[in-house]
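Report on the following structure.
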Amino acid sequence: MDLLNANDKDGQYPASYYAVTAKRLDPFPAALGAISCDICVVGGGYSGLSSALHLAQAGYDVVLLDAQRVGFGASGRNGGQVGTGQRVGQDDLERIVGNSQAHALWDLSLESVSLVRDLIMTHKIDCGWADGIIEADHRAKNVSHSHQYSDKLRNEYNYELIRPVGCDEMRSLVGSSAYYGGTIDMGSGHIHPLRFALGLAKAARDAGVKIYERSKVTSVKTDGKVSTDQAQITAAKVILCCNGYLGALNKDVAQRVMPINNFIVATEPLSGDMAHSLIRNNYAVADSKFVINYFRLSDDKRMLFGGGESYGYKFPSNISKIVRKPMLKIYPQLKNTKIDYAWGGTLGITMNRMPHFMRVSNNVLSISGYSGHGIAMATLAGKLASQAVSGQTEKFDILSSVPTLRFPGGPGLRTPLLILAMLWYSMRDRL
């Protein structure tokens with residue numbers, strides 16, 4: 001199944017709240033004929049746009065190819081949360097890669113959030129940054145670990161912007177009895193994700209990047225030759241930034257990064273009092289479930305809620321119903337609230353939920369697998385890939401050295417095995 005077309009129309013953004021409220025760029029042309037460049041970037045999400053922008057600013061002749069529209073995929077559909085840390089906690093990372101590298105990965109995460117903020121300011125991207133992400137524990141027994149983890153970050157990583165939250169304060173901040181405590185990180189934040197992606201695209205275009213849309217890549221050779229149905233691109237280097245839409249372009253990456261779908265709804269606008277009662281101070285929220293719920297308020301006071309379970313690569317026809325179910329468990333007071341928008345998106349995950357950085361060959365790099373933690377890390381990944389092309393590989397190597405295992409059974413069996421795992425974890429969430 002070609003995920004580029006399985007759930008969406010060619011050349012069209014999904015009917016999401018983000019697409020309706022973003023000022024879209026004029027379409028870029030399709031790539032035609034023989035094209036030569038220094039660097040060819042495949043994929044127009046955060047990774048690809050950041051790679052292209054930083055390379056162009058460094059003086060390279062850059063071509064960016066996207067099979068649909070820039071920001072079409074997960075970069076324009078996600079929950080908007082820009083978080084510190086990796087998808088894996090620092091205590092687990094210390095066990096996986098050792099204390100020194102875990103600290104280096106933490107520092108990169110802080111750099112990733114700073115990069116997003118800097119790009120927003122430098123390029124005057126109107127995407128509505130707001131401070132603060134709450135991590136909400138859905139079980140009372142999880143709270144002690146959350147508070148200990150907060151202390152660990154403060155004491156061992158010198159990170160002063162996170163603090164523990166008790167049960168009463170959590171229920172006041174989030175307006176729900178579903179949570180028992182957790183943490184709040186004021187170094188993190190949330191944005192309008194599609195506006196950010198389109199802002200990066202505009203900045204890249206203005207820096208001289210040649211952007212081509214509706215230019216699906218059909219093959220990437222290890223020597224830097226890239227083909228679409230209508231064009232042949234010859235480049236000194238290629239950067240693959242495909243994440244959940246890689247398809248069959250590279251089997252080695254596909255064995256370690258697999259696509260999954262997630263779903264979000266946007267309610268009708270809420271009254272100011274109702275919105276304030278649900279989430280105080282305009283924070284974003286993510287909970288401790290394995291099948292995670294994540295939610296925040298939009299600028300016009302809609303509840304943007306992500307969650308629900310669906311297996312298989314076709315989006316279900318009843319996304320609104322699927323996501324309403326977990327939303328009402330958290331906020332039963334939204335029972336009679338209309339849902340105005342419901343959409344799905346495809347992201348890339350790895351076995352250990354860490355990003356996958358890979359040298360496919362001397363001429364080809366791949367960055368992907370952000371596992372739902374992609375706004376900041378994917379944007380930084382693009383910058384690190386651009387530096388690696390220039391010979392500055394130290395930070396790229398920190399991430400490329402993190403082990404990312406193959407999914408059992410390869411692309412053929414990974415989906416049914418993942419379904420079994422997700423069913424198990426969703427059952428555990430309910431118990």
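The numbers here are math on the coordinates, done by the rules we state, and not lab data. Being a predicted model, the structure only gives us computed values, none of them experimental. Cβ placement follows ideal geometry from the backbone for every residue including glycine, while neighbour counts extend to all protein chains displayed.
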(request) Mind sorting Thr222, Thr234, Thr267, Thr346 by how few other Cβ atoms lie within 10 Å of their own Cβ, fewest first? (result) Thr222, Thr234, Thr346, Thr267
(request) For Thr228, enumerate residues with amide H under 5 Å from its amide H, sequence gap 5+ or separate chain, H modeled in the peptide plane. (result) Thr218, Ile233
(message) What distance in nm lies between label points placed 7 Å from Cα along the C-beta direction at Asp273 and Asn362?
(response) 7.1 nm
(request) Place the peptides 137-145, 106-114 in order of packing, highest mean first, counting for every residue the other Cβ atoms within 10 Å and averaging per peptide. (result) 106-114, 137-145
(request) Just subtract the alpha-carbon distance of Asp397 and Ser100 from 0.36 nm times their residue separation and send over the number in nm, one decimal. (result) 105.5 nm
(request) Mind checking the full-extension length gain between Ser219 and Ala140? Use 0.36 nm per residue of separation minus the Cα-Cα distance, one decimal, nm. (result) 23.4 nm
(request) Kindly express, to the nearest 10 degrees and within the range 0 to 90, the angle between helix 410-430's C-alpha long axis and the longest C-alpha principal axis of the chain. (result) 10 degrees
(request) Could you list Val238, Val97 in order of exposure, starting from the residue whose Cβ has the fewest other Cβ atoms within 10 Å? (result) Val97, Val238
(message) Between helix 374-389 and the chain, what is the angle of the helix's C-alpha long axis to the longest principal axis, kept within 0 to 90° and rounded to the nearest 10?
(response) 30 degrees
(message) Place a point 7 Å from the Cα of Ala236 along the Cα-to-Cβ direction; which residues of region 29-52 have their backbone N under 16 Å from it?
(response) 36-41, 52
(request) Label region 117-181 by shape, choosing from rounded, prolate and oblate, from the square roots a ≥ b ≥ c of the eigenvalues of the Cα gyration tensor; if a/c is under 1.5 it is rounded, and otherwise prolate applies when a/b is larger than b/c, oblate when it is not. (result) oblate
(request) For helix 99-122, report the angle its Cα long axis makes with the longest principal axis of the Cα atoms of the chain; keep it between 0 and 90° and round to the nearest 10°. (result) 80 degrees
(request) Please turn the phi angles of region 228-238 into ³J(HN,Hα) values with the Karplus equation 6.51 cos²θ - 1.76 cosθ + 1.60 (θ = phi - 60°), one per residue in order, whole Hz, x for glycine and proline. (result) 10, 5, 10, 8, 10, 10, 10, 9, 6, 9, 10
(message) If I take the Cα coordinates of the chain and project them onto the principal axes, what are the three extents in Å, biggest first?
(response) 62, 47, 45
(request) Kindly state, to the nearest 0.05, the FRET efficiency for Met186 paired with Ser36, given R0 = 35 Å and r defined as their beta-carbon distance. (result) 0.15
(request) Along Cα→Cβ, 7 Å out, is where each label goes; now give me the distance between the ones at Arg163 and Ala248 in nm to one decimal. (result) 5.6 nm
(message) I'd like the distance separating the alpha-carbon centroids of region 94-172 and region 173-243, in whole Å.
(response) 23 Å
(request) State, to one decimal in nm, how far the label point of Asp229 lies from the label point of Glu156, with both points 7 Å from Cα in the Cβ direction. (result) 5.2 nm
(message) Can you sort His190, His373, His103 from fewest to most other Cβ atoms within 10 Å of each residue's own Cβ?
(response) His103, His373, His190
